[in-house]
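Each remark here refers to the structure printed beneath this line.
We did not get these values from a lab; they are worked out from the coordinates using the rules stated. Since this is a predicted model, take the numbers as computed values, not measurements. Every residue, glycine as well, gets a Cβ built from its backbone with ideal geometry; the counts of neighbours run over all protein chains shown.
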Protein chains: 2
Amino acid sequence: MTDSPEFDRLTAVSTSAPGRYDAELSGGWVVGGGVNGGYQLAVLGQALRAAVPAKPDPVVLSAHFLSAGEPGPAAVSVDVRREGGSVATVALDLVQGDTTRITALATCGDLARFAARAPDVRTSATEPAMPPPEECIRAADAPAEVRAFVPMLDRFDLRLDPAHAAWGFGEPGMTGVIAGWFRWADGREPDVLSLLTVCDVLPPVTFDLGMPGWAPTLELTLHLRAHPAPGWLKVRHETRNLAGGMFEEDCEIWDSAGRLVAQSRQLALVPRPM
Amino acid sequence: MTDSPEFDRLTAVSTSAPGRYDAELSGGWVVGGGVNGGYQLAVLGQALRAAVPAKPDPVVLSAHFLSAGEPGPAAVSVDVRREGGSVATVALDLVQGDTTRITALATCGDLARFAARAPDVRTSATEPAMPPPEECIRAADAPAEVRAFVPMLDRFDLRLDPAHAAWGFGEPGMTGVIAGWFRWADGREPDVLSLLTVCDVLPPVTFDLGMPGWAPTLELTLHLRAHPAPGWLKVRHETRNLAGGMFEEDCEIWDSAGRLVAQSRQLALVPRPM
């Protein structure tokens, strides 16, 4: 275990009873007051793979966030609701003590098998333009007090597109967009499990609307559409509808081969004024 | 009951036991081989209102479709997973006989209360341009053989934007877009319950890609963001990523006051060649 990449170690689960998987939420994934939601989704992804190994990819995962996760032990309960020839639908809960953190539904399959059976790809979405990583803003260069508040920044190498990062200097662009390059800090290549986390590691797009602060996710649905190629991932978040104290955040993840490998959308609460 | 609008009657539920609601799926909502998914979501919406009346609006609903619904009796089981001051998270199943049709999670609240507390609306999405309803193509004018196959077309007045309807004449536009105006056939005004259905009544966008046929939904997530104003609704569907035999379909619903009242995204299977 100690030789496996950090991300695999920190999301690992072990079976303790039928349909029950134990995990340890890492203090290294804390952001502000809680454990990052996308990281918890990868823990769910590990439990899904253990429960339905013939359908290793959560093609679509819908997660409702009930309370903020804390570093420490967690249990994932898995209930396979239906398993057919090509997909399985599974209900999951991530619980700490008596408190449910996340309740989720996933429809799982084998993306490699799907692609072999239906090789047609018609993506009309266009890859976002971004300066190369070396011309972007390293999250690792954030002030020490920010990094102390967001220990998860040490887990990965995030380079923010300067076109949407002026909020970092007190001048939010007011476009509702944040974008950047992502790779694991230890050189681990991206995979489907990574995408479960990557869709939720950028700062909330509300930073770019002049509303800094934590934006609690009510729900996040992720479509995993292809295995990512090795190399940098390009991640873009956008909101187009802030109302009623809530906003939607759409995320696209593109791989180094120029393929749209994942799309997610979350509904989150607008941060309270700090 | 007989004086209430048809939509309310056909989606009505009655309590038969704690957490259990009985419904009758209507043959009037059949499309091809099964009962329309959006109509079934409104049945879930009725059960949610009965179960958590203080949080009447499913602000976000994620539904995984396990099998095609059939006309006849159905039971909705409701499990309130958490109820806080402003939102409740609920797990639901729609079952016919021993077969689950839909398993879903909803986070419910009171949109009117949210809007009063946070009146700020910042929608940067732009309302789609469309010719007025009288210059669009009436679904009611579809050939008799089409209408016999899609009885649900009698439930509403749908006017398709001619810019994205040439597939009806054998010349798909290949844009991955379908749009139109919607209102209830009996003049009932739109409400939140209607939006649960309206997000799933247009033909699949794959028609516009030259791929006619039924496109089974794997999962649909809907954000309900505001109570719609009376009058026509403007509905637009788009896909930007068809791959692995699946496509995402994004839907926006705009009300007559020019407000983006709902956004949904589904992941569906590409129709098999007919």
> Can you give the charge dipole size of region B:143-274 about its Cα centre, rounded to the nearest 20 debye, using +1 on the beta carbon of Lys and Arg and -1 on the beta carbon of Asp and Glu?
Replying inline: 80 debye
> Ratio of region A:189-255's C-alpha Rg to 2.2 N^0.38 Å, to two decimals?
Replying inline: 1.20
> Could the peptides A:138-145, B:145-152, B:52-59, B:229-236 be put in order, highest first, of the mean number of other beta-carbon atoms found within 10 Å of their residues?
Replying inline: B:52-59, B:229-236, B:145-152, A:138-145
> Based on DSSP H runs of at least 4 residues, each adding -39500 (n - 2.57), what is the mean residue ellipticity at 222 nm of chain B after dividing by all its residues, to the nearest 500 deg cm²/dmol?
Replying inline: -4000 deg cm²/dmol
>> About the Cα centre, and with charges only on the beta carbon of Lys, Arg (+1) and Asp, Glu (-1), how big is the dipole of region B:12-127? Nearest 20 debye, please.
In response: 360 debye
> If you put a point 7 Å past Cα along the Cβ direction, how far is that point for B:PRO133 from the same point in each other copy, in nm, smallest first?
Replying inline: 5.4
> Over all residues in A:243-253, what is the mean tally of Cβ atoms on other chains that come within 10 Å of each residue's Cβ?
Replying inline: 6
>> Please rank B:THR126, A:THR206, A:THR15, fewest neighbouring Cβ atoms within 10 Å first, as an exposure proxy.
In response: B:THR126, A:THR15, A:THR206
>> Using each residue's phi in region B:242-258, evaluate 6.51 cos²θ - 1.76 cosθ + 1.60 at θ = phi - 60° and report the 3J(HN,Hα) Karplus result to the nearest Hz, with x for Gly and Pro.
In response: 9, 6, x, x, 9, 9, 8, 10, 8, 10, 10, 10, 10, 8, 5, 8, x
>> Over all directions, how big on average is the projection of the convex hull of the alpha-carbon atoms in the protein assembly as shown, in square nanometres?
In response: 24.5 nm²
>> Please list, in order along region A:138-155, the HN-Hα scalar couplings obtained from phi with the Karplus expression 6.51 cos²θ - 1.76 cosθ + 1.60 (θ = phi - 60°), rounded to whole Hz, x for Gly and Pro.
In response: 6, 4, 5, 8, 4, x, 4, 5, 5, 5, 5, 7, 10, x, 4, 4, 7, 7
> Can you list the HN-Hα couplings for region A:57-73, worked out from phi with the Karplus curve (6.51, -1.76, 1.60; θ = phi - 60°), rounded to whole Hz and with x for Gly and Pro?
Replying inline: 10, x, 4, 9, 10, 10, 10, 9, 9, 9, 7, 6, x, 10, x, x, x
>> Can you tally the net charge around A:VAL177? Count Lys and Arg as +1, Asp and Glu as -1, for every other residue whose Cβ sits under 14 Å from the Cβ of A:VAL177.
In response: -3
> Taking N as the number of residues in region B:147-224, what is its Cα Rg relative to 2.2 N^0.38 Å?
Replying inline: 1.16
> Distances from A:GLY231 to the same residue in each other copy, label points 7 Å out along Cα→Cβ, in nm, shortest first?
Replying inline: 5.0
> Can you give the translational diffusion coefficient of region A:74-231 in µm²/s, computed by Stokes-Einstein from the Kirkwood radius over Cα pairs at 4 °C and 1.567 mPa s?
Replying inline: 70 µm²/s
> What is the Cα centroid distance between region B:1-61 and region A:151-204, reported in whole angstrom?
Replying inline: 41 Å
>> Give me log10 I(q)/I(0) at q = 0.13, 0.14 Å⁻¹ for chain B, Debye formula, one equal scatterer per alpha-carbon, no solvent.
In response: -0.85, -1.00
>> Working only with C-alpha atoms, what are the Rg and Dmax values of region A:1-160, expressed in angstrom?
In response: 17.9, 51
> For chain A, what is the charge dipole size about the Cα centre, in debye to the nearest 20, if Lys and Arg each add +1 at the Cβ and Asp and Glu each add -1 at the Cβ?
Replying inline: 620 debye
>> I need the inter-copy label distances for A:ARG117: point set 7 Å along Cα to C-beta, values in nm with one decimal, smallest first.
In response: 4.5
> Measuring from the lowest to the highest alpha carbon on each principal axis, how far does region B:107-181 reach, largest first, in angstroms?
Replying inline: 50, 26, 25
>> Taking a virtual spin label 7 Å from the Cα of B:GLU145 along the C-beta vector, which residues in region B:198-222 bring their backbone nitrogen under 13 Å of it?
In response: none
>> Can you list residues from other chains, or at least 5 along the same chain, whose modelled amide H is less than 5 Å from the amide H of A:VAL31?
In response: A:ASN36
> Average partner chain C-beta neighbours within 10 Å, per residue of B:219-232?
Replying inline: 3
> If one puts a single equal scatterer on every Cα of region B:35-116 and applies the Debye formula without solvent, what log₁₀ I(q)/I(0) results at q = 0.12, 0.23, 0.25 Å⁻¹?
Replying inline: -0.33, -1.02, -1.16
> On average, how many beta carbons from a partner chain sit within 10 Å of the beta carbon of a residue in B:56-69?
Replying inline: 4
> Quick one: which of B:82-94, B:238-250 comes out on top by average Cβ neighbours within 10 Å, and what's the full order, highest first?
Replying inline: B:238-250, B:82-94
